[in-house]
1. Please work out whether region 234-308 counts as rounded, prolate or oblate from its C-alpha gyration tensor, where a ≥ b ≥ c are the square roots of the eigenvalues and a/c under 1.5 means rounded, while otherwise a/b larger than b/c means prolate and anything else oblate?
2. Please say if region 296-354 is rounded, prolate or oblate, where rounded means a/c under 1.5 for a ≥ b ≥ c the square roots of the C-alpha gyration tensor eigenvalues, and otherwise the choice is prolate for a/b larger than b/c and oblate otherwise?
3. What is the dipole size for region 139-213, taken about its Cα centre, with +1 at each Lys and Arg Cβ and -1 at each Asp and Glu Cβ, in debye to the nearest 20?
4. DSSP loop (so not H, G, I, E, B), at most 12 other Cβ within 10 Å: list which chymotrypsin sites (Phe, Trp or Tyr not before Pro) in region 494-565 pass both filters.
5. Would you mind giving the average projected area, over all directions, of the Cα convex hull of region 437-547 in nm² with one decimal?
6. Give the relative contact order (percent, whole number) for region 252-299; include only Cα pairs under 8 Å separated by 6+ residues.
7. Using the alpha-carbon centroid of each, what span in Å lies between region 376-444 and region 231-259?
8. Suppose every K and R has +1 on its Cβ and every D and E has -1 on its Cβ; what is the size of the dipole of region 499-586 about the Cα centre, in Debye to the nearest 20?
Amino acid sequence: MSRICKCSSLEPYGVEFSPNSALLYVTDAQALNYSRYINNLLQYNVSLATADQIIQSKQIISSINYLDHFSNGALQLAPDGKIYMAKRTQNQLAAINYPNRIGAACGFVYDAVALGYGQCRFGLPPITPDISLNVNSFDFTGTCTGQQLQFEYKASTQINSVKWDFGDPLSGGNNTSTQFRTSHLFTKQGVYDVRLILFHACGSDTITKQIQAGTISVQLGKDTTLCGTDGYLLTPQTSGDNTYLWQNSSTGTTFLAKKSGLYWVEVKNKDNGCVKRDSIRLVMNAYPKFELGSDLHLCEGQTKTLTVNVPAATYLWNTGTTAQSQTISSGGDYWLGVTVNGCTQRDSIKAVYAPYPQISLGKDTILCDEKTLLLDGGNTGANYQWQDGSSGQTFLVKAKGAYNVTITKDGCSSSDTILVSYDHKPTFTLGSDLMLCSGQTALLRAIIQDSIGMQYRWQDGSEGKEFKAAGPGIYNLEVSNYCGSQKDSVIISKGVCQLYIPNAFTPNGDGHNDVFRAGFGEDITSYNIQVYNRWGTKVFESNEIRRGWDGTISGKLQPAGVYIWVIRYRSSGSLTEQVLKGNTVLIR
């Protein structure tokens, strides 16, 4: 006994150490009153440094309330590595199956071994080991699952053979070994009770140790392509207290990768010595550089083609097209994703369509006299540009001419033009009154300054600009236009007229002055006309005043030149025959 401490005011009966001498088991009883007891099985961790720590480590493994008697008895470590407990007046033994484990993990079973018809008392048969026997503990190295753990017992001369039980039944036939030096690969992570049974001349002894079969895992993640980054922080996914070794011999818990390449880390667990390595390949690419430009402001009917050219790129527009270009013909949001080496950059643009301004200055217009016209471009809030450079919404017309305006609103422009003419009420005269001889006509025409939209109406309802008066009478004309109307009239009387002989004629078949003959003359009772050429040859003669010479002889054209005529006539008011002579010119 190297350390003595008083644990409590108990009434202990049985005491026993665990096989590894780290734990002490004690049975005791406490009287509640004169007829009832609490029977306890207690555990103390005697491997702790101080007495206070040992006392505070107490754990109650079992506590049973009994009437009239003290039940728990002796404790005895058996060759099978278990500790058995006597139970007074009962026909079973209790057992601590894993006495090296702390607390409930020790595997206490109250009714463990049946005694048949017999009953226990307080005691158990003492089993005293040969204290002269040199029973050493065993050694092991490594505690990593997935790795072979090495076990070794340094045999003394008293040990004939050994048997290892690794407490790993899932390993099948590999769970046991009879070699003094052996190894075992544990099937999974966990705590294992490894027992070493030592066979000697006095029987056997068992050494039990708890082995923590640990593991370690580390993950850097899948190989990764990174876009548009200046660095990528590698953080191993692992657990426990570890050390780290990176590919560049740095030992930090993280590593900042700044370029493409293969990176690895080796992680070692400080507790179990497990080592594992993982690697990751990083590819760092820049995002493609491009711009769709500023938002678009378009007018109805306009289109805009957006084109992007990035070498070795693929394209995807929000419309689904994969071409480099996209023609915009309607408003909305448009975006383009450009991908190069797995890196996608997106840019967007908004297209806003505005209608063209609706404008009408009206139809071409005629203004009368000094009137004005106010032109209004409408479209309040727009920009205006008139033909003279003015920029108001309205423009006052005071003179004839072409007037135009260009209206711009929301970036869209429309234009219109109007022609403005000035006119006045017609002012005219038909001239002085006239006298006509018998057979004469007069061509009446208004003496007027022409204007736009002039309309004529004569006394007989005709609408020509001229009127042929064939005899005496009152002739009137009404002229009207956009600005008003005016009337005028002329009186034609019958006059006394002399015979008229033209001094030239043009027989060219145009219906005007084609025949040489006398005109007018009043009350002619006899008439004779003779025409001679310059050699004295008669080329024409007639006694009818309405008949004239057409410039031919027997259908043959006569040459142009001067011809002599002689006319003899007598009128009803005179008994004397009148003779007229002269010449006329034939013009071809």
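1. Numbers: a/c = 5.81, a/b = 4.15, b/c = 1.40.
Prolate, since a/c reaches 1.5 and a/b exceeds b/c.
2. Values: a/c = 2.92, a/b = 2.33, b/c = 1.25.
Here region 296-354 falls in the prolate category.
3. 60 debye
4. Details: sites: TYR500, PHE505, PHE516, PHE520, TYR527, TYR532, TRP535, PHE540, TRP549, TYR563, TRP565; in loops: TRP535.
Loop-located and lightly packed - TRP535.
5. Numbers: hull surface 40.5 nm².
Spelled out: convex hull of the Cα atoms, projected over all directions, averaged, 10.1 nm².
6. Values: 36 pairs, mean separation 15.6, N = 48.
RCO, region 252-299: 33 percent.
7. Here the answer is 89 Å between Cα centres.
8. On the way: 9 positive and 8 negative charges, 61 e Å.
With Lys and Arg at +1 and Asp and Glu at -1, about 300 debye.
FYI, it's all coordinate maths here, none of it is from the lab. Here the structure is a predicted model, which means the values were calculated and not measured. Neighbour counts run over all protein chains shown; Cβ positions are idealised from the backbone, glycine included.
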